[in-house]
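What follows draws every value from the coordinates through simple rules; no lab data is involved. Everything numeric in this text was worked out from a predicted model, so none of it was measured. Because the Cβ atoms are built from the backbone with ideal geometry, glycine has one as well, and the counts that use them run over all protein chains shown.
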Amino acid sequence: MSLAHIQFFGNAIGMATTMNVLLPDASLGPFPVFYLLHGLSDDCSSWLRRTSLERYMAGIPMMVVMPGNARGFYTNSATQPINAYEDHIIKDVIAYIDRVFPTIKSRNGRVLGGLSMGGYGAVKLALKHPDLFCSAVSHSGAVMTPLHKPETRPQQLQSLSVEFESILGKDWRGSTNDPVALAKQCPPAQRPALRLDCGTSDFLLEQNREFHAILNDLKFPHEYEEFPGDHNWAYWDVHIRDAIAFHCKVLGI
């Protein structure tokens, strides 16, 4: 694999930003693109620094794009219009990648994945933009949105409630940032392939189970698995390999 570190201007967020891109060496393309999203406390370098992603991608004819999204939850902020982090991915990052690299420039050439905040982002963006993405994988994702139910909110999220509300707004349920509402509204013919996994010691386990049950009630096809592990890189380094295999199957590579 070859690694490109990209510094570019994000029009949607009004600032210079960065992303990392892994490129296959085997051919000239065009290649499908795996948009791999980071977690709340991470940046565009985290997947490369904390896992063996580059080694796992060896020999696979697929690009991996790791954009930065600060603490923006891959969402256009409800209170700070310049923090348009969903538009940044959809309008800035994808446009740049398709303009500069030999990509498959269609839904059938784009997949998403991420951990924690990035797991939420991957699921939300795939359900909200099924014309752009054909599959999404969430590892330990905040898939019921980070606010979840106030009465059952994990202790780890209590101190972040004000920050989350500034991003998602007070009335997030049923909105275009609510994965449940998006799953209900997604046209059956356009449903992306979904896979979710979570560690059995993870503080986000219950909301992953809840979202899995909702998808079952909606008869929305998806894969769901639980494995031993916690909310940490030891878990994600193992299960990013499951995501790669899932996307390869969907893409037929």
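A Gaussian network model of the chain, with springs between Cα atoms under 10 Å, assigns the largest mean-square fluctuation among P32, P192, P81 to P81. The candidate values were (i) 44, 43, 38; (ii) 52, 38, 36; (iii) 50, 40, 32; the one computed from these coordinates for Cα extents along the principal axes in Å carries the label (ii).
Tilt of helix 117-128 relative to the longest C-alpha principal axis of the chain, in degrees (0 to 90, nearest 10)? The helix 117-128 is inclined about 80 degrees to the chain. Okay, which of region 120-143 sit inside 13 Å, backbone N to the point 7 Å along the Cα-Cβ direction of N108? Within reach of a label on N108: 134. Rounded to whole numbers, the Karplus 3J(HN,Hα) couplings from phi for region 37-53 are 9, 8, x, 4, 9, 10, 9, 5, 8, 5, 4, 6, 7, 9, 10, 9, 3 Hz, using 6.51 cos²θ - 1.76 cosθ + 1.60 with θ = phi - 60°, and x at Gly and Pro.
When the chain is treated as a Gaussian network with alpha carbon springs shorter than 10 Å, the biggest mean-square fluctuation among V180, V123, V137 belongs to V180. Using a simple spin-label model with pseudo-atoms 7 Å out from Cα toward Cβ, E163 and D25 lie 3.9 nm apart.
Under the classification rounded if a/c is under 1.5, otherwise prolate if a/b is larger than b/c and oblate if not, where does region 22-120 fall, given a ≥ b ≥ c as square roots of the Cα gyration tensor eigenvalues? Oblate. Less than 18 Å from a label point 7 Å out along the Cα-to-Cβ axis of F203: which backbone N atoms in region 113-133 qualify, by residue? Residues 115-120 fall inside that zone. Select from C134, C186, C198 the residue whose mean-square fluctuation is largest in a Gaussian network model of the chain (Cα-Cα springs shorter than 10 Å). The residue that fluctuates most here is C186. Taking a straight Cα-Cα cut-off under 29 Å and skipping sequence neighbours fewer than 8 places away in the same chain, the lysines within cross-link reach of K91 are K105, K124, K128, K170, K184, K249. Each residue of region 61-66 was assigned a 3J(HN,Hα) from its phi angle through the Karplus expression (A = 6.51, B = -1.76, C = 1.60, θ = phi - 60°), giving x, 8, 7, 10, 10, 10 Hz with x at Gly and Pro. At an R0 of 35 angstrom, the distance between the Cβ atoms of A70 and E210 translates into a FRET efficiency of 0.80.
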